[in-house]
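What follows is calculated from the coordinates using simple rules that are stated; it is not laboratory data. If you're wondering where the values come from, they're calculated on a predicted model, not measured in any experiment. Here the Cβ is made from the backbone with ideal geometry for all residues, glycine too, and neighbour counts use every protein chain on show.
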Amino acid sequence: MSEKKFSVYRFSGDSLKKEGEFLGYGRGPYEMMIARVAFDPDTRSLTMLADYNRENRFCRVSLDPPENLYDVSTWEYRQLSFIGDCSLGEPCLIDRSSYLTMGHHTDSLNMFSLLDIDGGRVVPLDFSYPALPLGLSPMVQEVVWTGRIRKHPRKNRFVYNAQDFKYLFIFELEEGNHIRIIRYLYDKLPQVHATREQGHPYAFDDACEDGCNSIAVDDDHIYIGYSQTTYGQIRDAARARKSLSTFDPRRINVYDWDGNFIRRLVLDMPVGPMVVVGDRLVAASVNPETAEEIIVSYPLH
C-alpha cells in the first residue's frame, strides 16, 4: 500500500503513466486522513481540505512549477480551528480560499454553507433542506441529503445531486450569498419509511431508485450517469452476494447549464466516477470478465 494518499498520472496516447505521489496519511502537519483535492485554475494552485470527523486541516500549493506538489516545504498548511462544531461535508472549491459545502451546525436546517479559509469563518446560506414527511431531526436530515456539488469551471453556477436517491438541481450563487434555482432536473422526494433501528430512523423503500452519482461537468455541459436501479434490486443483489458494480450506469444524459436536455450517450461498459478531460469522458469502471478496476475513455465529439 502506498504511503501517500494521491497519485499523479499523465496521459501518454491511450495510456496513463504514473508521475508521482503526494500527501501522506496521518494527523501531523502536511498529512490528512480523509482529504478533498481541488485545483484553482486562476491561481494554478492545488488545495487539500480535510473536513471530515473534525480533522479541519487545509493545505495549498502553487503548481508553478508543478514539482512543488512533491516538496512540502513549498506548501501552505493551516489548522482550521474556527470551524468548531460545524458539520460540513462535500466541499466544492469556489476560488483559492473558499468552498461551498453541505450543512452547517448539527442542529441547523441550512443545506449549504460558505467556508472562507482566508477569512476564517463559516457562513450559513439561507436555503433549507427540502421537507420530508418523517419529522426527522436536522442531524438526520443532513445524512439523508448527503450529496455532491459540482461547479461550472468559470461561473458561480453549480449542480447538486443527492447521493442516495434521484434529486438534482442547478443553481447559482448570487451577490449577498443568495441561492437562485436555475432548474430542477429531478425533484421527486425519496420514497422512505420510518424504522425502529437505533441510530438510523429511516430506510428507503424497495421501489425507490438509487441516486445519480456518476456526474461530470465542463464549460458547456453536465454529464449525468443514469440508471433505474431500485433499492429492492440492490438488496436482492447484496443478499445473493453479487457485485453491485453491475448497477453502475451505461447511459449518460447530457444537459446544458440551463438544464436543457441535449443528448444521450450509451456506453459499452458501466461507469463510476468520471471527469471530462479535453474532448473525452474519462471514467472508472470494472472489467466484467476479470472484476479488475480499470479506467475507460470515450470521445465526446
Using the Cα centre as the reference, give the magnitude of the dipole from point charges on the C-beta atoms of the chain (Lys, Arg: +1; Asp, Glu: -1; all else neutral), rounded to the nearest 20 debye.
380 debye
Partners for residue 17 among lysines (Cα-Cα distance below 18 Å; same-chain residues under 8 apart left out)
4, 5
From the list (i) 29, 62, 9; (ii) 34, 59, 7; (iii) 33, 54, 13, 0, can you say which value of P(r) over Cα pairs in 20 Å bins from 0, in percent was derived from the structure given?
(i)
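Tell me which trypsin sites (Lys or Arg not before Pro) from the stretch 136-193 have a DSSP coil assignment and no more than 13 other beta carbons within 10 Å of their own.
Details: sites: 148, 150, 151, 154, 155, 157, 166, 180, 183, 188; in loops: 154, 155, 166, 188.
Counting only loop positions with at most 13 other Cβ atoms within 10 Å, the trypsin sites (Lys or Arg not before Pro) in the stretch 136-193 are 154, 155, 188.
Note the full-extension length gain between residue 132 and residue 178 as 0.36 nm times their separation in residues minus their Cα-Cα distance, in nm to one decimal.
Difference between extended and current length: 14.2 nm.
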Can you tell me the length gained on complete extension of the stretch residue 239 to residue 289, counting 0.36 nm per residue apart and subtracting the Cα distance?
15.9 nm
Pop a pseudo-label 7 angstrom from the Cα along the beta-carbon direction at both residue 77 and residue 301 and give the gap in nm to one decimal.
4.4 nm
Tell me, what is the FRET efficiency for residue 187 and residue 70 to the nearest 0.05, using R0 = 51 angstrom and their Cβ-Cβ distance as r?
0.70
Hey, can you grab everything whose amide H is under 5 Å from the amide H of residue 277? Only 5+ residues off in sequence or another chain; H modelled, so Pro and N-termini drop out.
282
FRET efficiency, residue 280 to residue 25 (Cβ-Cβ, R0 35 Å, nearest 0.05):
0.65
